[in-house]
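The structure under discussion appears below in the form of structure tokens.
The values are calculated or read from the model by the stated rules, or taken from the named source; none is laboratory data. Worth saying up front: this structure is predicted, and the values here are computed from it rather than measured. Cβ: placed from backbone, ideal geometry, glycine included. Neighbour counts: every protein chain shown. Surface accessibility is based on the protein's heavy atoms, side chains included, excluding ligands, DNA and RNA. Shrake-Rupley method; radii C 1.70, N 1.55, O 1.52, S 1.80 Å.
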Amino acid sequence: MSADPIQKIAAELSRLPGIGQKSAQRLAYHIASMPEEQVHSLASALWNGRKSIRQCPVCFNYTEDDLCPICADESRDNGQICVVREARDAAAIERMRDFKGRYHVLGGTLSPLNGIGPDDLRIKELIGRLSDPGIKEVIIATNPDIEGEATASYLARLIKPMGVRVTRIAHGVPVGSDLEYADEVTLSKALEGRREM
């Protein structure tokens, strides 16, 4: 006996990150109650959007054009490359509107336990980009977890001998939080990343 349509919808929605069984079921019931035109519009937007998205051949960010808007923008600083794990990390940095350099999306982080090594990431492409003598700094903006730290260390060891400055984004206590509630690792990173005032 096949699953009912709502369960099929819920099963597909639960494959998305951050959507558990209960949320998927709630969304499935909501979709079932929507007018058919809205459901068609949603499905069409998902399908057509996904079909038109590809990776930028330079930085591997998402784009629907030949180059992503950042690589196509001639006013950006070619001397800085911010290395991120995923395209969504570049989007988060862009929301600040402070960074004016370029990006490089690795497509993940090193994780030997999960079988992800250097050849599984876009590290060779990054090293290829660094042959440009105009590149002065690589900012490593991977997450402050074990995989992100391992990836940052690995990249720093590869890049430093090339004569390019390698920096790491600071990690530490979030704005508006209390020190007494911060864990030891967060406080340690905050002290490590301190700056002159």
Worksheet entry | Qualifying GluC sites (Glu not before Pro) for segment 21-123 [loop in DSSP, other Cβ within 10 Å: at most 13] | Glu64, Glu74
Worksheet entry | trypsin sites (Lys or Arg not before Pro), loop per DSSP, at most 15 other Cβ atoms within 10 Å - longest free stretch of the chain | 16-96
Discussion item. For the chain, what is the number of Lys pairs with C-alpha distance below 17 angstrom, counting only pairs 8 or more positions apart or on separate chains?
Written reply: 4
Item to complete: Can you send over the carbon and sulfur percentage of the accessible area for the chain, probe radius 1.4 Å, protein chains only?
Response: 55 percent
Discussion item. Tell me the per residue accessible area of segment 64-197 using a 1.4 Å probe; a whole number in Å² is fine.
Written reply: 64 Å²
Worksheet item: Given a cut-off of under 8 Å on Cα pairs at least six residues apart, what relative contact order in percent is computed for segment 52-178?
Response: 22 percent
Worksheet item: For segment 52-74 and segment 153-197, what is the separation of their C-alpha centers, rounded to whole Å?
Response: 29 Å
Worksheet, complete the sentence: Of the candidate values [x] 148; [y] 131; [z] 212, the one computed for volume of the Cα convex hull per residue in Å³ from this structure is [z]
Discussion item. Taking the solvent-accessible surface of protein heavy atoms with a 1.4 Å probe, what is the per residue accessible area of segment 1-52 in Å²?
Written reply: 83 Å²
